[in-house]
Amino acid sequence: MKCLIVFGLIVAFVGAFIGFGYLKFTELTRPLPKPQLDANRYWGPGDGKNYVPDKKIYDFNLQVPQAEIDDLRQQLNRTLRLTAPLDGVNFEYGFNSHALEQFVEYWRDNYLTKWSTREAYFNSLRQYTTEIQGLRIHFIHERASEEAAATKKVYPVLLLHGWPGSVREFYEFIPILTMKSNITDYAFEVVAPSLVGYGWSDAATRTGFNAAEMATVMRNLMLRLGHKEFLVQGGDWGSIIGSNIATLYPENVLGYHSNMCLLNSPLAILKGIYANYFPEKYLPSRFFIEHHFPIWEKYMYLLQESGYFHLQATKPDTIGAALNSNPVALAAYILEKFQTSTGPGLNKDFGAIITVYTLEAVLDNLMVYYLTNSATTAGRFYAENVAKPYRDLQLDRVQTPVPMGCARFRNDLPSVTDWQLRDKFPNLKHSRYFQQGGHFAALEMPPMLFNDFIEFVENIGLDKL
């Protein structure tokens, strides 16, 4: 009799344990309702009690005083106090000091001596500013060419950059979107803003400005320009912000295309671990396994390459002070990310940046951070996105009906599988793998990104919406 009682207690305990585990699993993995944000929250200076929004749109033209360029050249002409790399080490310990010396020399003696040419290139695309929620927002706005507008179906698209990028990433990509193309019936009106705290856009003046608030500002910018419905394309932070726009404001988004497809919900993490052991079951081809797996190697890679993330997420003002005060430090910090993103093997090569991006392109991008003194404000975005208010939103668990497309480039950060993506994007319309390319796809291979974006747009069936 006692044995039966003990056995019954064990069965009851095991049953209760399994039941509790099931309830917790369900609680952690079920989709969550969409949170409601204040779409007009004030982020400018002061308390905003007497704030009257200025809804005008102003022309923007980059004009850097020659004295500022001369001062930068003088700073770069100082004797560099760099430490020689270890024997046999190229870029494994960070940006190689010998390579940095060469970059600084080129920056000072070649790039800056033709600054008027680079400035003209910056101004080759139409740019404007307008005030959104108390912040001056800078943006590129290029309409479809006359020929394209006359013969193609034109839709607005919002392009979103990330860190350590800027709108400069899109300068080769935007003309392809706006010009007439023989491969598609579509052309695009492009809006490419500098994110809040980046480039020539104002920074928020108080804590709490995270990716959900950024999504609200970017959506409101599109509404300001008269676009109640639009496409979104983004990578890096732009991918996360784009996902948030599609989640919080699905009524405004015709389709969302990402070239950094991440998802960090509990269910996505569990699925990723499971798929690690049965990869061919969840991928279209075994040739794409290395995009995702082995998962533990991918986690180790992220750990090795994410020191900057921890620093900016905890003490952004400290690293920002160092970077804003020293252009050589700024160069080393940002160039190292471009060097790493050239891909395994090549990222140990001293000519990798020249081969993949060109010197002018990466120095243009570097100048955006230098001229706007935005290293600190851009870094603060990391701190806001790991803070509790943003974590509590759990937006990766909020589904959206918006059509989604994913482009995975081989040398980018490890992405998630379609099996995982569909938890958040049940209307996944497009998925493509590339065996080359990296994190800065719009800068590195704009035609390939364009072709993938076009394929996504055609899969949506905009004419039927």
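The values are calculated or read from the model by the stated rules, or taken from the named source; none is laboratory data. The model shown is predicted, which means the values in this text are computed figures rather than measured ones. Virtual Cβ from ideal backbone geometry, glycine too; neighbours counted across all protein chains shown. Calculation scope for accessible area: heavy atoms of the full protein, side chains included, ligands and nucleic acids excluded. Shrake-Rupley method; radii C 1.70, N 1.55, O 1.52, S 1.80 Å.
When the charge dipole of the chain is built from unit charges on Cβ atoms (+1 for Lys and Arg, -1 for Asp and Glu) and taken about the Cα centre, the candidate among T29, Q127, L76 whose Cα reaches farthest toward its positive end is T29.
Averaged per residue, what accessible area in Å² does the stretch 90-460 show with a 1.4 Å probe, protein chains only?
Working: 13740 Å² over 371 residues.
Spelled out: the 1.4 Å probe surface of the stretch 90-460, per residue, equals 37 Å².
Suppose every Lys and Arg Cβ carries +1 and every Asp and Glu Cβ carries -1, with no other charges. What dipole size does the stretch 344-465 come out with about its Cα centre, to the nearest 20 debye?
440 debye
With K and R counted +1 and D and E -1, the other residues having a Cβ less than 10 Å from that of T216 yield a net charge of 0. Taking all protein chains together and rolling a 1.4 Å probe, S431 ends up with roughly 40 Å² accessible. Given a 1.4 Å probe and the protein chains as shown, I176 ends up with an accessible area of around 50 Å².
Which loop GluC sites (Glu not before Pro) in the stretch 153-261, with loop taken from DSSP, have no more than 14 other Cβ atoms within 10 angstrom of their Cβ? Write down the numbers at each step before the final one.
Details: sites: E169, E172, E189, E213, E229, E251; in loops: E172, E229.
Qualifying residues, ordered by number: E229.
Pairwise alpha-carbon distances in the chain exceed 43 Å for 17% of all pairs.
For the chain, find the longest principal axis of its Cα atoms and tell me its angle to the long axis of helix 359-372, 0 to 90°, nearest 10. It is inclined by approximately 90 degrees.
For the pair N50 and E290 in one chain, pulling the backbone fully straight at 0.36 nm per residue adds 80.9 nm over the alpha carbon distance.
Of the residues V386, V232, the one with the largest accessible area comes first in the ranking V386, V232, computed with a 1.4 Å probe on protein heavy atoms. Cα centroid distance between the stretch 234-255 and the stretch 141-185, in Å? After rounding, the separation between the Cα centres reads 18 Å.
The charge dipole of the stretch 160-298, taken about its Cα centre with unit charges on the Cβ atoms of Lys, Arg (+1), Asp and Glu (-1) only, comes to about 180 debye. Only the Cβ atoms of Lys and Arg (+1) and of Asp and Glu (-1) were treated as charged; on that basis the dipole of the chain about its Cα centre amounts to roughly 1440 debye.
Residue pairs exceeding 21 angstrom between C-alpha atoms, taken from K271/K424; K271/K298; K34/K56; K315/K348; K153/K180; K337/K424: K34/K56; K315/K348; K337/K424. Only helices enter the 222 nm calculation for the chain: every DSSP H run of n ≥ 4 contributes -39,500 (n - 2.57), and dividing by all residues gives -13500 deg cm²/dmol, rounded to 500.
Given 0.36 nm per residue, what is the gain on full extension from D392 to R30 after removing their alpha carbon distance, in nm?
Working: separation 362, 0.36 × 362 = 130.32 nm, distance 1.51 nm.
Between D392 and R30, full extension yields 128.8 nm more.
Think of the stretch 90-460 as having a plus end and a minus end, set by charges on the Cβ of Lys, Arg, Asp and Glu; of T178, H227, Y357, H227 sits farthest toward the positive end of this dipole.
How large a share of the accessible area of the chain, in percent, is made up of carbon and sulfur atoms when the probe is 1.4 Å and the other protein chains stay in place?
Values: 11980 of 21660 Å².
It is 55 percent, rounded to a whole number.
When peptides 79-86, 285-292, 346-353 are sorted by average Cβ neighbour count within 10 Å, with the highest value leading, the order is 346-353, 285-292, 79-86.
Residues whose amide H comes within less than 5 Å of that of L254, counting only those at least five positions distant or on another chain, are F230, L231 (H built at 1.01 Å from N in the peptide plane). Measuring only protein heavy atoms, the 1.4 Å probe finds K429 accessible over about 90 Å².
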